[in-house]
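Only one structure is covered here, and it is reproduced in the block below.
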Amino acid sequence: MPTADVATGLRVSAERAVPFPAGSAHATFQHGRVVRQASLFEPYCQLEVDTVVPRKRVLAPGRWRVTRIGTRILRDPITRIPLLHPRLDCSDSIYQESIWRLAPDAPGANPVVRHLRCIAPYFNCRFGPPLAMDQMQQVVGPYLSVTRQGP
């Protein structure tokens, strides 16, 4: 059953053109840069668009409202397999995923962007929350702006 959109007061803006690799619906960010592939040992975020195209493309600057926020604990961030059994060995890594569902900020704007997904990895029997807004901003760097606006 779909969850209703809510007024979160959060916005995501593409401040500069965001490159998407050929054959992918994701632009991956790590350490403030767009990367081909993220290291699973460091926090990273992915901006997802609606369609995969066979050639490289660029998303123009734009602005989106965050309409839903979801979090879950994953055993594997690539396959998105959730952690179903909380019994872990301290050598197991676990990942805290947060997904911000995005909608165009202006009526009639192109709804090509689906969500911003961020992963916080945890190791050695340490576990914590999803990435905070300032941590997300460090991960996405100057490409995206993650902000909270008044109601």
Every pair of residues 6+ apart whose Cβ atoms lie under 8 Å, when the first sits in region 80-100 and is within 26 Å of Arg68 (Cα to Cα) and aliphatic (A, V, I, L, M) while the second is surrounded by fewer than 15 Cβ atoms within 10 Å (Cβ to Cβ) and at pLDDT below 70: Ile94/Leu88
Report, by residue number, each residue of region 56-79 that is open to solvent by 60 Å² or more (accessible area, probe 1.4 Å), farther than 16 Å from Glu97 by Cα and of a type in the set (Lys, Arg). Lys56, Arg63, Arg65
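For Ser39, state whether it is farther than 20 Å from Arg101 by Cα, of a type in the set (Ser, Thr, Tyr) and outside any strand (DSSP E or B). Break it down into steps so the answer makes sense when it comes.
Numbers: farther than 20 Å from Arg101 by Cα: yes; of a type in the set (Ser, Thr, Tyr): yes; outside any strand (DSSP E or B): yes.
So Ser39 passes the test.
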Looking at region 124-146, I want the residues that are modelled with pLDDT under 95 and have a partner that is open to solvent by 70 Å² or more (accessible area, probe 1.4 Å) and of a type in the set (D, E, K, R) with Cβ atoms under 8 Å, at least 6 apart or on another chain. Which pairs are those? Met133/Arg148
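What residue, among those in region 1-36 that are part of a strand (DSSP E or B) and of a type in the set (D, E, K, R), is farthest from His115 (Cα to Cα)?
Of region 1-36, the ones part of a strand (DSSP E or B) are 10-14, 18-20, 26-30, 33-35.
Of the ones still in play, those that are also of a type in the set (D, E, K, R) are 11, 33.
Values: Arg11: 11, Arg33: 18 Å.
Ranking the candidates gives Arg33 first.
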Counting only residues that are within 14 Å of the chain's Cα centre (by Cα), in a strand (DSSP E or B) and not β-branched (Val, Ile, Thr), region 42-64 contains a total of 6
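Considering only residues that are outside any loop (DSSP other than H, G, I, E, B) and over 22 Å from Val18 (Cα atoms), look in region 121-151 and name the one that is most open to solvent (accessible area, probe 1.4 Å).
Restricting attention to region 121-151, the residues satisfying the condition of being outside any loop (DSSP other than H, G, I, E, B) are 121-122, 133-148.
Next, only the ones that are over 22 Å from Val18 (Cα atoms) stay: 121-122.
On the way: Pro121: 21, Tyr122: 47 Å².
Checking each candidate, the answer is Tyr122.
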Can you confirm whether Val35 is in contact with a strand residue (DSSP E or B) (Cβ under 7 Å, 6 or more places away or on another chain) and within 30 Å of Ile94 (Cβ to Cβ)? yes
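Just name the residue that is modelled with the highest pLDDT out of those in region 21-51 that are on the phi > 0 side of the Ramachandran plot and open to solvent by 30 Å² or more (accessible area, probe 1.4 Å). Give the derivation first.
Going residue by residue through region 21-51, those that are on the phi > 0 side of the Ramachandran plot are 23, 31-32.
Cutting the leftovers down to open to solvent by 30 Å² or more (accessible area, probe 1.4 Å) gives us 23, 31.
On the way: Gly23: 94, His31: 97.
Taking the candidates together, the pick is His31.
The values are calculated or read from the model by the stated rules, or taken from the named source; none is laboratory data. All figures in this text were calculated on a predicted structure; none of them were measured in a lab. For neighbour counting, all protein chains shown are included, and Cβ atoms are generated from backbone atoms with ideal geometry for every residue, glycine included. For the accessible areas, the whole protein counts, side chains as well, though only heavy atoms, and no ligand, DNA or RNA atoms are used. Shrake-Rupley method; radii C 1.70, N 1.55, O 1.52, S 1.80 Å.
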